[in-house]
Each structure stands twice: as structure tokens, then as C-alpha cells.
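Everything below concerns the one structure shown next.
The values are calculated or read from the model by the stated rules, or taken from the named source; none is laboratory data. Keep in mind the model is a prediction, meaning the values are calculated, not measured. Reconstructed Cβ throughout: ideal geometry from the backbone, glycine too, with neighbour counts over all protein chains shown.
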Amino acid sequence: MTFADAVISALDALRLHKLRSSLTILGIIIGVAAVIAMVAVGSGGREQVAAQFRSLGANLLVVMPGSITKSGVGLGSGSASSLTDEDAAAAVREVPLLQVAAPFVRENAQLIAAGVNWSSLVYGVDLGLFEAREWDVESGRLFAPDEIGRGAQVALIGQSVARALYGGLDPVGQELRVRNVPFRVIGVMARKGQSAWGHDQDDVVLLPLNTARQRVFGRNAANSRSVDSFYLKVREGESLAAAESDVKMLLRQRHRLQPMQDDDFTVRNLADIAATQEESVGTLALLLAIVAGVSLAVGGIGIMNIMLVSVTERTREIGLRLAIGARPRDILKQFLFEAIALSLIGGAIGILTGILAACAIASLAQWPLLIEPEWIVLAVLFSGFVGVFFGWFPALRASRLDPIEALRHA
């Protein structure tokens with residue numbers, strides 16, 4: 001029996017038992033579809049996490065105030081007013097690994113423009129923020145250095161604020177009132193999208209740091225230099241862990257903390273946070289991989305069972321073939337090809353099903369759709385392997401039947 005004859009015979013046998021063949025390949029379809037969906041979920045999730053952290057800026061450390069204890073009760077991280085813009089300047093000046101610092105203050109505030117009200121997060125920033133977070137304007141311009149220094153009443157707005165307050169109008173040059181303090185909009189920031197914590201980064205207003213502290217947020221003389229937090233951008237190729245250690249040492253010195261005292265600040269490494277989130281996505285992908293593996297195993301066992309039933313049903317046919325000159329290896333080849341055909345057809349349908357499932361998941365989760373071609377090739381190869389592995393025993397059993405005994409089978 002030639003290779004072509006074996007393939008045609010196998011396909012004819014499957015065609016004659018359509019319902020049984022369809023039910024047999026169902027397990028393979030589910031397994032392969034789960035593999036494709038698993039890869040899409042894992043790759044798309046990791047890309048989404050990476051994109052969200054890239055939107056914050058590359059190589060960033062975030063320095064935040066620490067906690068204080070009041071009447072024996074710890075008030076939590078951020079409750080201490082321990083950071084100033086001088087701390088940020090000193091960090092860049094004295095830690096060579098750092099490229100730029102970006103101190104800021106922020107509060108929620110009510111905005112009014114053209115008779116429309118909107119509540120948004122208002123930041124007071126200096127020019128370092130745009131370099132640290134790699135953020136530029138889409139229309140208009142950034143703050144000028146003298147506007148930062150003299151506390152000019154100018155504002156930059158995010159795209160969500162622009163859409164909410166001005167609709168289809170160009171906001172540049174328009175008036176914006178922040179807590180009833182008038183500002184002139186000089187630019188609309190480029191889109192940043194959602195942050196890793198689910199916050200809309202485009203729903204913001206950016207004001208010069210001194211303007212925000214003195215005119216909008218009402219910082220008094222006692223804490224006129226305080227900031228809520230600051231970003232530190234580490235130079236390309238330098239170690240974030242080393243920069244984090246140097247910053248902690250410097251701030252402890254500046255805040256005159258004794259060796260036994262806890263830090264009155266917190267330094268967060270965004271790379272570590274990103275790694276933690278990617279690990280969570282990886283755990284989800286692993287669970288899906290386990291489901292896929294179980295489905296493929298169940299599908300393979302189903303193929304073995306059906307092929308054994310087929311051997312039993314076709315015992316007389318096998319005996320007749322052997323009696324008129326078919327060799328055992330021809331019988332082995334025929335039944336093995338039937339098992340491989342079942343698994344490959346199931347694999348092909350499973351790939352299509354998996355791609356459709358991946359598209360649905362990506363649409364619902366609103367993250368990128370990443371289907372890697374090598375995984376599709378691997379799914380095809382693996383489904384073929386399942387056919388060989390689980391089809392070998394039934395095919396071998398068929399090839400070893402005694403022709404005389406097989407012909408006597410009722």
C-alpha cells in the first residue's frame with residue numbers, strides 16, 4: 001500500500017463515520033483552542049502591562065512620603081509631609097545614576113470652562129516631569145522655564161479634560177478656572193491612556209509647581225517647598241536597584257535619620273511592580289496551559305478508544321485484507337493514518353476556534369491581540385503527535401490480528 005493509498009483509505013473511513021469522528025476530535029479541538037487562547041492571553045496581557053508601565057515613563061523610581069504615627073496609630077504610607085523639591089534637586093545633583101527629577105503636588109479640583117463643570121486630578125509640576133515621563137504635547141506648547149519660575153497662570157490639559165470641557169473646540173488659548181482661579185490653556189498633552197492601576201492618565205490638568213502650591217492648593221509658608229512625591233529617571237543602561245539604594249542613603253542623610261529610625265519616605269521601583277504584574281499574568285497563562293494539557297490528553301484518549309472500537313468493528317475487513325496479500329505494516333499504516341487525520345483535523349479546527357476565542361478575550365479585556373505564529377505551528381505538530389502516540393496501539397493491534405481468526409469474527 002502506497003502512502004497516498006493509506007491516506008485515501010483513512011479519509012474514506014472517517015467519512016463513513018462522520019458523527020463518531022466529529023465527537024472523537026472534539027477533545028483535540030478544545031485542547032488546541034485552549035493552547036492558542038492561552039498564548040494570546042499570556043502574550044497580550046504581558047504586552048498590556050508593559051505598555052501601561054511604558055506610559056509612565058522608562059527607568060523610573062517614585063519617591064513618596066512615608067508614614068507617621070499619631071496617638072499610637074500608624075496613619076499609613078504618604079501621611080508624612082517629609083519630601084521637598086530640594087530633596088528632588090539634591091538627588092539628581094548627588095546621585096550620578098539619575099538623569100532628571102520631577103517633583104509634583106496633586107489634588108482633585110473642580111474645573112470650569114465655557115459654563116461646563118468637570119472634576120479632575122490637578123498636578124503642580126516642573127519641566128522635569130515631561131522628560132521623566134516622556135510626555136509631550138499634541139497641540140500647543142509646554143511650559144517655558146520662566147513660567148515655572150514666576151508661577152505663571154498657564155495650564156496644560158489631558159485629552160479627557162479637553163473632550164469633557166471643550167468638546168470639538170480647540171482648547172489652546174481658552175480660559176480654564178481651577179478652583180475658581182483663572183488659567184490660560186497653552187497646550188493639550190499627547191494621549192497616555194490608562195495607567196497600570198486603572199487610572200485615566202489623560203484626565204489631568206498640569207500647572208506650574210509654584211502656581212499650584214501657592215494659588216490653587218494654598219500651601220502655607222511652613223510647607224511651601226513640600227511636594228507630594230517625585231519621579232526620578234535613571235539613566236539608560238544603569239541599574240535601577242543601585243540608583244534606588246543611593247537615593248535611600250541620600251534621603252536618610254538629608255532627613256537626619258538615625259540608624260535605628262525607619263525611613264520617613266518610600267522609594268518604589270516601577271520595574272519591580274511591572275514584574276509582579278507580569279508574574280500574575282503568567283500564573284493565569286499557566287492555569288490555561290494546564291487546562292489545555294488536560295483537554296489534549298482527554299482528546300488523545302478519546303482517539304485511542306474510538307480506534308480500538310474501529311479495530312473491533314472492522315476485524316473481518318482486516319482479516320480479508322491480510323488474506324488477499326496485505327502486509328501487517330499496511331494495516332498498521334492505514335489505522336495510524338486514521339488516528340493522525342483525526343488529530344490534525346481537530347487541530348486545524350482548534351486553531352481557528354482558538355484564534356476566534358483570543359479575539360473575543362482581547363476585545364473584552366481591551367488589550368492587544370498577540371498570536372505568535374510559532375505557537376500555531378507547535379499546535380499543529382503537537383496534535384499530529386497526539387494522533388501518533390494514541391493511535392499507535394490500536395494500529396499495532398490491528399496489524400497483529402491473525403487473518404484466519406479475523407475472518408471467523410462475526
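General observations
This table checks each residue for (1) part of a strand (DSSP E or B); (2) loosely packed, with under 14 Cβ neighbours inside 10 Å; (3) at pLDDT 90 or above.
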site	(1), (2), (3)
Ala102	yes, no, yes
Arg106	yes, no, yes
Ala109	yes, no, yes
Asn117	yes, yes, yes
Gly124	yes, no, yes
Glu134	no, no, no
Glu138	yes, yes, yes
Leu142	no, no, yes
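- Where a residue in segment 211-230 is within 17 Å of Ala89 (Cα to Cα) and modelled with pLDDT under 75 and its partner, wherever it lies, is part of a helix (DSSP H, G or I) and of a type in the set (Phe, Trp, Tyr), with Cβ under 6 Å and at least six apart: none
- Some residue of segment 149-172 being in a strand (DSSP E or B), in contact with a strand residue (DSSP E or B) (Cβ under 7 Å, 6 or more places away or on another chain) and in contact (Cβ under 8 Å) with a residue 60 or more places away in the chain: no
- Subset tally (residues that are in contact with a strand residue (DSSP E or B) (Cβ under 7 Å, 6 or more places away or on another chain) and small (Gly, Ala, Ser)) for segment 134-148: 2
- Conditions (1) within 30 Å of Ser343 (Cα to Cα); (2) at pLDDT 65 or above; (3) touching an Asp or Glu at 6+ places or on another chain (Cβ under 7 Å): number failed by Leu23: (3)
- The residues on offer are Ala162, Ala190, and the sole one that is surrounded by 18 or more Cβ atoms within 10 Å (Cβ to Cβ) and among the small types (Gly, Ala, Ser) is Ala162.
- Figure legend. Inter-residue proximity from segment 95-123: first residues of a type in the set (Gly, Ala, Ser), second residues surrounded by fewer than 21 Cβ atoms within 10 Å (Cβ to Cβ), beta-carbon distance below 6 Å, spacing 6+ or different chains. Indicated pairs: Ala101/Val92; Ala109/Arg179; Ser119/Gln110; Ser120/Asp203.
- Candidates Ser343, Ser363, filtered to the one that is at pLDDT 75 or above, surrounded by fewer than 16 Cβ atoms within 10 Å (Cβ to Cβ), part of a helix (DSSP H, G or I) and among the polar types (S, T, N, Q): Ser363
- Of the criteria (1) farther than 18 Å from Val35 by Cβ; (2) at pLDDT below 70; (3) of a type in the set (A, V, I, L, M, F, W, C), which one Ile331 fails: (2)
- Condition met for Val181 (within 24 Å of Ser226 (Cβ to Cβ) and free of Cβ contacts under 8 Å to residues at least 40 places away in the same chain): yes
- Conditions (1) in a strand (DSSP E or B); (2) surrounded by fewer than 18 Cβ atoms within 10 Å (Cβ to Cβ); (3) under 25 Å from the mean Cα position of the chain (by Cα); number of the one not met by Arg177: (3)
- In segment 323-340, the residues that are crowded, with 20+ Cβ neighbours inside 10 Å and charged (D, E, K, R): Lys333, Glu338
- Selected residue (only one of Ala34, Ala58 is modelled with pLDDT under 65 and either under 30 Å from Asp200 (Cβ atoms) or not polar (S, T, N, Q) (or both)): Ala58
- Residues of segment 244-252 include none that is modelled with pLDDT under 85 and surrounded by fewer than 17 Cβ atoms within 10 Å (Cβ to Cβ).
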